[in-house]
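Just so you know, all these numbers are worked out from the coordinates, no wet-lab data involved. Here the structure is a predicted model, which is why all the values come from computation and not from measurement. Cβ: placed from backbone, ideal geometry, glycine included. Neighbour counts: every protein chain shown.
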Amino acid sequence: MTNSPSFQAAAWQRLKKNKGAVFGLMVIVVAALLAVFAYFIAPDPSPYANRIILEIGGEKPGFKQSFIKVKKDKDVAVTGFFKKLFSGREDVYYYVPITSFEKKGDSIIVQKFIDEGVSEPLAYHSRQTAPTPVITKKFLLGTDKYGRDILSRIVVGTRVSLSVGLITVIISLSIGLVLGSLAGYFRGRTDDIIMWFINVIWSIPTLLLVFAITLALGKGFWQVFIAVGLTMWVNVARLVRGQVLGVRELEYVEATRALGFSNIRTIVRHIWPNIMGPVMVIAASNFASAIVIEAGLSFLGVGVQPPQPSWGLMIKENYNFIITQNPMLALAPGFAIMLLVLAFNLLGNGLRDALNVRGKI
């Protein structure tokens, strides 16, 4: 006699058969790795990928440029592994774009690139430059109007999108689980009060509520997390309330009452584990919604503030290029948003099917 697989194992097997969900999961894993090791992967590891080289602003994908690396006037502190992991490494050298160079003794004579067909002769002593003074860089996705590498800013900007989604899900699940469980389990006046509050919040447009919270807390990185999180718990609370209403009369819940368990223990230890399927599905949906809302807020100027890279902020800074010579500057972060949101939606659909949320056998 063979043992039937556990519910978790069976759900995982069903999830693996869903190609869309597996694709979404793979995209999310890759995005998470990019977010964690952003400054080790990005071609520009400076803080916020904010290496400004105005002379090469607005260049197209695949653009190549030679640079001479000139030492900065100040001493730059050595950056350890963890500091680079979290906040990048300050550049030790200035990157000066050049069109040609020539070595003469201890000096290097270069033609500094100013604009198309315009250059300026400069001379540097070997002590002023890096051991390998001249390098050539290729910008796979081009540069923005400030000459910053678009690819690097997309990689570092992954942190903002995933962080907003994660914090939003934590906040929305915390509030939604507690209020929804109280409303569904105790019913009566408790249910009436909580549902009245939920309906009031539900009636306010999400973006309008986010604007109000953002303006009250101020613009910034953490403020966006809180503002988005405090607007997305309503869906969770309504779902949890319905689930708790459906299971509170089942035999295993009645057994906890007969054994004298406290209401809190009954809810946390016995009801929550049995309603996590639908909650995980709506959590994936909230994750995707949070990414879109954060991008919209940053595009409108009330989200993440420069120079910190955010995909929505990158679209705002470069959307004028869509109708001019280089649309990829705005389309690249747009594609990144689309791909990550699609990944979470596909994973949410896969979880719905794998966890039998619709009652499938």
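Quickly rank 264-276, 304-316, 112-124 as a protection proxy: mean count of other C-beta atoms within 10 Å, highest first. Let's see the in-between values first.
Numbers: 264-276: 15.5, 304-316: 22.5, 112-124: 12.4.
Highest mean packing first, the order is 304-316, 264-276, 112-124.
What base-10 log of the normalised intensity I(q)/I(0) is obtained for region 231-313 from the Debye formula, alpha carbons as equal point scatterers, at q = 0.10, 0.22 Å⁻¹?
-0.42, -0.98
Using amide H atoms built 1.01 Å from N in the peptide plane, name the residues 5+ places from Ser100, or on other chains, whose amide H lies under 5 Å from its own.
Sorted by chain and number, the residues that satisfy this are Gln111.
Please compute, over every Cα-Cα pair in region 134-201, the percentage with a separation greater than 21 angstrom.
For region 134-201, the share of Cα pairs beyond 21 Å comes to 56 percent.
How many angstrom lie between the C-alpha centres of region 283-311 and region 192-256?
A separation of 19 Å, based on Cα centres.
To the nearest 500 deg cm²/dmol, what mean residue ellipticity at 222 nm is calculated for the chain from DSSP H runs of n ≥ 4 alone, each contributing -39,500 (n - 2.57), summed and divided by the residues? Please list the in-between numbers first.
Values: 13 runs with 197 residues, N = 361.
Value at 222 nm, helices only: -18000 deg cm²/dmol.
Express the relative contact order of region 236-361 as a whole percentage, based on alpha carbon pairs under 8 Å and six or more residues apart in sequence. It would help to have the intermediate numbers written out before the result.
Working: 112 pairs, mean separation 30.2, N = 126.
Relative contact order here is 24 percent.
Quick query: amide H of Ser119 versus all other amide H atoms, modeled in the peptide plane; which residues come in under 5 Å with a sequence gap of 5 or more or a different chain?
Ile114
All other residues with a Cβ under 13 Å from the Cβ of Glu317 taken together, and with Lys, Arg as +1 and Asp, Glu as -1, what is their net charge?
+3
For region 258-355, I need the span (max minus min coordinate) of the C-alpha atoms along each principal axis, in Å, sorted largest to smallest.
72, 29, 15
For region 1-159, how big is the tail of P(r) above 20 Å, as a whole percent of Cα pairs?
Values: 7833 of 12561 pairs.
Counting every Cα pair in region 1-159, those more than 20 Å apart make up 62 percent.
Give me the aspartates and glutamates in straight-line cross-link reach of Lys219: C-alpha distance below 16 Å, same-chain residues under 8 apart excluded.
Glu294
Between Rg and the Kirkwood Rh of the chain, both from Cα atoms, what is the Rg to Rh ratio?
Values: Rg = 26.5 Å, Rh = 23.7 Å.
In the chain, Rg relative to Rh is 1.12.
For each pair in Lys72/Lys145; Lys145/Lys316; Lys71/Lys145; Lys69/Lys137, compute the distance between the two Cα atoms and list the pairs where it is over 18 Å. It would help to have the intermediate numbers written out before the result.
Working: Lys72/Lys145 23 Å; Lys145/Lys316 12 Å; Lys71/Lys145 25 Å; Lys69/Lys137 12 Å.
Checking Cα-Cα distances, Lys72/Lys145; Lys71/Lys145 exceed 18 Å.
Out of the GluC sites (Glu not before Pro) in region 235-318, which ones are loop residues according to DSSP with at most 11 other C-beta atoms within 10 Å? Before the final figure, lay out each step's value.
Working: sites: Glu249, Glu251, Glu254, Glu294, Glu317; in loops: Glu249.
For GluC sites (Glu not before Pro) across region 235-318 that sit outside H, G, I, E and B with at most 11 neighbouring Cβ atoms in 10 Å, the list reads Glu249.
Taking the highest mean first, how do the peptides 29-37, 166-174 order by number of other beta carbon atoms within 10 angstrom per residue? Intermediate values should be presented prior to the final figure.
Details: 29-37: 15.2, 166-174: 19.6.
Ranked from most to least packed, the peptides come out as 166-174, 29-37.
Report the net charge of residues surrounding Pro306, where surrounding means a beta-carbon distance below 13 angstrom and charges are Lys +1, Arg +1, Asp -1, Glu -1. Don't skip to the answer; put the middle values down first.
On the way: positive: Lys145, Arg148, Arg153, Lys219, Lys316; negative: Asp144, Glu317.
Summing Lys and Arg as +1 and Asp and Glu as -1 gives +3.
Mean Kyte-Doolittle hydropathy of -1.0 or higher plus an axial Cα length of 27 Å or more: which whole DSSP H helices in the chain meet both? Working shown, then result.
Values: long enough: 150-186 (53 Å, 1.75); 276-300 (35 Å, 1.61); 328-354 (38 Å, 1.47).
Span-like helices here: 150-186, 276-300, 328-354.
Quick one: net charge around Pro43, please, counting Lys, Arg +1 and Asp, Glu -1 for every other residue with C-beta under 15 Å from its C-beta. Before the final figure, lay out the partial values.
Details: positive: Arg51, Lys64, Lys69, Lys84, Arg89, Lys137, Lys138, Arg148, Arg153; negative: Asp44, Glu59, Asp91, Asp144, Asp149.
Residues near Pro43 contribute +4 overall.
Report the Stokes-Einstein translational diffusion coefficient (µm² s⁻¹, integer) for region 51-139, Rh taken as the Kirkwood radius over Cα pairs, at 4 °C with viscosity 1.567 mPa s. Intermediate results must be reported in sequence, preceding the final value.
Details: Rh = 14.4 Å.
Stokes-Einstein gives a translational diffusion coefficient of 90 µm²/s.
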